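Notes for the one structure printed next.
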Amino acid sequence: MNFDGEDLSHTSLTDRLPPDEAHTFRSCDLTETDLWGASLAGARFESCVLERTDFRKADLDGASFTGGGGMRIRFSDADLIDVTFTDVDLSSAQFGGALLTDVSFTGCRLIGASLTGSRGTGFRVSGSNLTMANLGGCSLRGEFIEGVRFDDADLSGCDFTGATFSDCRLRGARLLKTVFAKADLRGADLGDSDDDRVRAFAGATINHAQAAAILAARGITVV
């Protein structure tokens with residue numbers, strides 16, 4: 001079923017979507033649209049307004065989101081397997097309880113988004129802004145993470161074992177019980193490193209400039 005340029009805001013679509021059929025939404029207004037529990041496997045969302053759209057408990061396996069987006073989209077308890085988000089505004093989006101497996105975020109705005117409490121094998125992220133996002137307990141083991149801002153994000157309990165950071169920022173990120181074992185942080189801006197943050201980086205690889213900055217903050221000069 002195809003929707004092109006339609007104003008579907010403030011409506012309930014769940015019962016209008018035929019099951020076992022792929023749906024395409026192009027340049028639609030889905031502001032506060034109710035898609036709770038909808039069957040949206042393989043659906044395509046292209047340049048849609050998604051302000052406060054309700055995808056809770058929806059089946060979004062294999063769906064793709066390109067462009068568009070909006071504040072406070074709700075994905076709580078939804079199934080998101082093999083889902084791609086490309087250049088989407090997901091600011092303050094809620095993913096608590098969602099099944100995230102092989103999900104990718106590329107060029108996305110995830111400021112203030114909450115991915116803590118999500119389930120599944122995890123997600124990949126690149127070229128995205130996760131400033132003030134909550135990733136508590138998420139796993140990005142072994143991932144190559146490029147061009148991502150984690151400034152002031154809550155990374156408590158995250159597992160970055162074996163991950164490689166390239167052109168990333170961790171300024172002000174909360175690192176309580178965060179694991180960086182065997183991670184390569186040479187391509188990350190670590191920000192101000194107090195003793196607690198330095199302990200969080202135990203087992204990681206850093207470069208000489210980063211090490212010198214950490215020592216300089218403690219009054220030690222490296223020559």
Is it the case that some residue within the stretch 131-139 is in contact with a Lys or Arg (Cβ under 6 Å, 6 or more places away or on another chain) and under 27 Å from residue 94 (Cβ atoms)?
yes
Matching residues in the stretch 206-223 - criterion: being of a type in the set (S, T, N, Q) and surrounded by fewer than 11 Cβ atoms within 10 Å (Cβ to Cβ):
221
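Which count do you get for residues in the stretch 180-205 that are β-branched (Val, Ile, Thr) and open to solvent by 60 Å² or more (accessible area, probe 1.4 Å)?
Residues meeting the conditions: 1.
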Candidate set from the stretch 1-14 (those that are farther than 20 Å from residue 84 by Cβ and open to solvent by 40 Å² or more (accessible area, probe 1.4 Å)); member that is modelled with the lowest pLDDT:
1
Could you please give the count of residues in the stretch 179-211 that are assigned to a helix (DSSP H, G or I) and either of a type in the set (Gly, Ala, Ser) or touching a residue at least 60 places away in the same chain (Cβ under 8 Å) (or both)?
3
Index of the failed condition, residue 17 passing every other in (1) at pLDDT 95 or above; (2) more than 22 Å from residue 109 (Cβ to Cβ):
(1)
Report yes if residue 77 is within 24 Å of residue 140 (Cα to Cα) and more than 16 Å from the chain's Cα centre (by Cα), otherwise no.
no
For the stretch 141-178: of the residues being β-branched (Val, Ile, Thr) and either over 17 Å from residue 123 (Cβ atoms) or in a loop (DSSP other than H, G, I, E, B) (or both), which is most open to solvent (accessible area, probe 1.4 Å)?
161
Among the residues of the stretch 27-51, count how many are within 16 Å of residue 95 (Cβ to Cβ) and surrounded by fewer than 18 Cβ atoms within 10 Å (Cβ to Cβ).
1
Reported set for the stretch 97-122 where residues are open to solvent by 30 Å² or more (accessible area, probe 1.4 Å) and β-branched (Val, Ile, Thr) is 106, 111, 116, 121
Quick check, is residue 128 surrounded by 24 or more Cβ atoms within 10 Å (Cβ to Cβ) and either polar (S, T, N, Q) or without any contact (Cβ under 8 Å) to a residue 12 or more places away in the chain (or both)?
yes
Per the list (1) open to solvent by 20 Å² or more (accessible area, probe 1.4 Å); (2) touching a Leu at 6+ places or on another chain (Cβ under 7 Å), residue check on residue 21 breaks on (2)
Hey, can you tell me all the residues within the stretch 17-33 that are within 12 Å of residue 2 (Cα to Cα) and over 28 Å from the mean Cα position of the chain (by Cα)?
18
For the stretch 64-79, indicate whether the set of residues that are acidic (Asp, Glu), under 19 Å from residue 1 (Cα atoms), free of Cβ contacts under 8 Å to residues at least 24 places away in the same chain and open to solvent by 30 Å² or more (accessible area, probe 1.4 Å) is non-empty.
no
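The values are calculated or read from the model by the stated rules, or taken from the named source; none is laboratory data. The structure presented is a predicted model; accordingly, all values stated were derived computationally and were not measured. A quick note on method: Cβ atoms are made from the backbone with ideal geometry, for glycine too, and the neighbour counts reach across all protein chains shown. Protein only, heavy atoms only, side chains kept; ligands, DNA and RNA dropped before computing areas. Shrake-Rupley method; radii C 1.70, N 1.55, O 1.52, S 1.80 Å.
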